[in-house]
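The values are calculated or read from the model by the stated rules, or taken from the named source; none is laboratory data. This one's a predicted model, so the numbers in the text were calculated from it and none came from an experiment. Neighbour counts run over all protein chains shown; Cβ positions are idealised from the backbone, glycine included. The area values use the complete protein model at the heavy-atom level, side chains included, leaving out ligands, DNA and RNA. Shrake-Rupley method; radii C 1.70, N 1.55, O 1.52, S 1.80 Å.
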Amino acid sequence: MKLKLSLNALALLFNLNLIAQDLIQIEPIVNPVHQANKGKITFMGAIIPIDQYTEKDFLRSFELKENVDLNVRTFLSNSLTNELHKLAPQLSSSELNKVGNFRYEFFIDDSLIYAENLHFGAFGEENKNKVTVFRVPLLST
């Protein structure tokens, strides 16, 4: 059976076109793979540093079996804090980081089998403030 995975990083947040200034200054996105894939989530079999990651490394399918690695790489156009700020501009970065985080959803054959809203402390405030590309291990041998 093929496993279809989906990571919803509060997709609504990353597609909003509300007028709001960024709360936190982030570094410009200069990596060409990041530039070309903003707003996308990719899967990879091995841990590949972002500066070596190419579209050839993107998994198009995955067979779930024993002793395999599966990682997700998420490309954001802005930090989570800045996206949360669009929804609640009256809150400080610390307040936003206490009420918002990512949500994971796992599907098999188009059926939701697992969903989790990450605890507000997961991922760390500094990461939520500044990071726009990150890797999450899903399966590790």
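Residues in the stretch 106-135 that are surrounded by 15 or more Cβ atoms within 10 Å (Cβ to Cβ) and assigned to a strand (DSSP E or B): F106, V133, F134, R135.
L139 meets the conditions (1) open to solvent by 50 Å² or more (accessible area, probe 1.4 Å); (2) at pLDDT 90 or above; (3) within 21 Å of A46 (Cα to Cα) in every case but one. The failed one is (2).
Scanning the stretch 24-43 for residues that are open to solvent by 60 Å² or more (accessible area, probe 1.4 Å), polar (S, T, N, Q) and assigned to a loop (DSSP other than H, G, I, E, B) returns a single hit, Q25. Note on the stretch 48-71: residues that are part of a loop (DSSP other than H, G, I, E, B) and either open to solvent by 90 Å² or more (accessible area, probe 1.4 Å) or over 21 Å from Q35 (Cβ atoms) (or both) total 9. Residues of the stretch 97-118 that are over 14 Å from the mean Cα position of the chain (by Cα) and among the acidic types (D, E): D109, D110. Can you tell me which residue in the stretch 95-105 is modelled with the highest pLDDT, limited to those that are open to solvent by less than 50 Å² (accessible area, probe 1.4 Å) and out of contact with any Lys or Arg (no Cβ under 6 Å at 6 or more places or on another chain)? This residue is L96.
Taken as a whole, the condition of being open to solvent by less than 30 Å² (accessible area, probe 1.4 Å), of a type in the set (V, I, T) and touching a Phe, Trp or Tyr at 6+ places or on another chain (Cβ under 6 Å) applies to T74.
Of the residues screened, A20 is not one that is surrounded by 18 or more Cβ atoms within 10 Å (Cβ to Cβ) and at pLDDT below 90.
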